[in-house]
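Beneath this line is the structure, given in structure tokens, with notes to follow.
The values are calculated or read from the model by the stated rules, or taken from the named source; none is laboratory data. Quick caveat, the model's predicted, so the values are computed rather than measured. Cβ placement follows ideal geometry from the backbone for every residue including glycine, while neighbour counts extend to all protein chains displayed. Keep in mind that these areas ignore ligands, DNA and RNA; they rest on the heavy atoms of the full protein, side chains included. Shrake-Rupley method; radii C 1.70, N 1.55, O 1.52, S 1.80 Å.
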Amino acid sequence: MEQSTFEKVACKLRRRAIQTSRNYGAGDADAEDIAQDVMLRLWQMREDLYRFHSLEALTVQIAKHLTLNQLRRKRLIVSNHDACLNSVSVHTPVELMEECENELWLNKRLKDLPSTQYSVLYMRQVEHRHCKEIAGLLGIEETSVRTLLSRARKTLYEQLKKRNK
């Protein structure tokens, strides 16, 4: 698909992505972020979009999956906090409180990362996938995976340095 053609349909598809995201429970700000991710993915797929019968249906599917993933991630963060309260083996209530505060701080910073950076970091650090595998899953270059991973780590490191000053 040519850039000019993509630009003509982009506004309509973006509105549809926002609407779909809201329908699946995302707030306004999250719906905007998800729509941005949808448009980015569609742009990355632009040369293969001719294969799809309906770009709007494709947009709805991508927005739906991104929204559900984001809601699952938020639920995971809440359950991690509950696990922190239940499974931390510390000796005093103060240590327990500090540990939970650290966990909440980290989860908030992870949630604040751009979704692509979070996804790459999660797949690398939690799922232990290789950069080449992540690139294949996301449909991006391996160098882009390394860049996104580096940016995510650097962002977290900088925030940690600020916190510990």
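Do we have any residue at all in the stretch 138-153 that's of a type in the set (A, V, I, L, M), at pLDDT below 85 and open to solvent by 70 Å² or more (accessible area, probe 1.4 Å)? Within the stretch 138-153, not a single residue is of a type in the set (A, V, I, L, M), at pLDDT below 85 and open to solvent by 70 Å² or more (accessible area, probe 1.4 Å).
Scanning the stretch 62-81 for residues that are modelled with pLDDT of 55 or more and open to solvent by less than 90 Å² (accessible area, probe 1.4 Å) yields Ile62, Ala63, Lys64, Leu66, Thr67, Leu68, Asn69, Gln70, Leu71, Arg73, Lys74, Leu76.
Cβ-Cβ distances below 8 Å connect the following pairs, each with a first residue in the stretch 142-165 that is farther than 11 Å from Cys131 by Cβ, a second residue that is polar (S, T, N, Q), and a separation of six or more residues or different chains: Arg151/Gln117; Ala152/Gln117; Thr155/Gln117. Leu113 falls short on exactly one of the conditions (1) closer than 22 Å to Leu42 by Cβ; (2) without any contact (Cβ under 8 Å) to a residue 40 or more places away in the chain, and that condition is (2).
Cβ-Cβ contacts under 9 Å between residues 6 or more apart (or on different chains), taken from a first residue in the stretch 2-16 that is charged (D, E, K, R) to a second residue that is open to solvent by 60 Å² or more (accessible area, probe 1.4 Å), are listed as Glu2/Arg46; Lys12/Glu56; Arg14/Gln36; Arg16/Glu56. Take the stretch 23-77 and flag every residue that is assigned to a helix (DSSP H, G or I) and either touching a residue at least 60 places away in the same chain (Cβ under 8 Å) or β-branched (Val, Ile, Thr) (or both). Selection gives Asp33, Ile34, Asp37, Val38, Leu40, Arg41, Gln44, Thr59, Val60, Ile62, Thr67, Ile77. Count of the stretch 1-18 residues, restricted to those that are part of a helix (DSSP H, G or I), in contact with a helix residue (DSSP H, G or I) (Cβ under 8 Å, 6 or more places away or on another chain) and either closer than 20 Å to Leu71 by Cβ or open to solvent by less than 80 Å² (accessible area, probe 1.4 Å) (or both), is 7.
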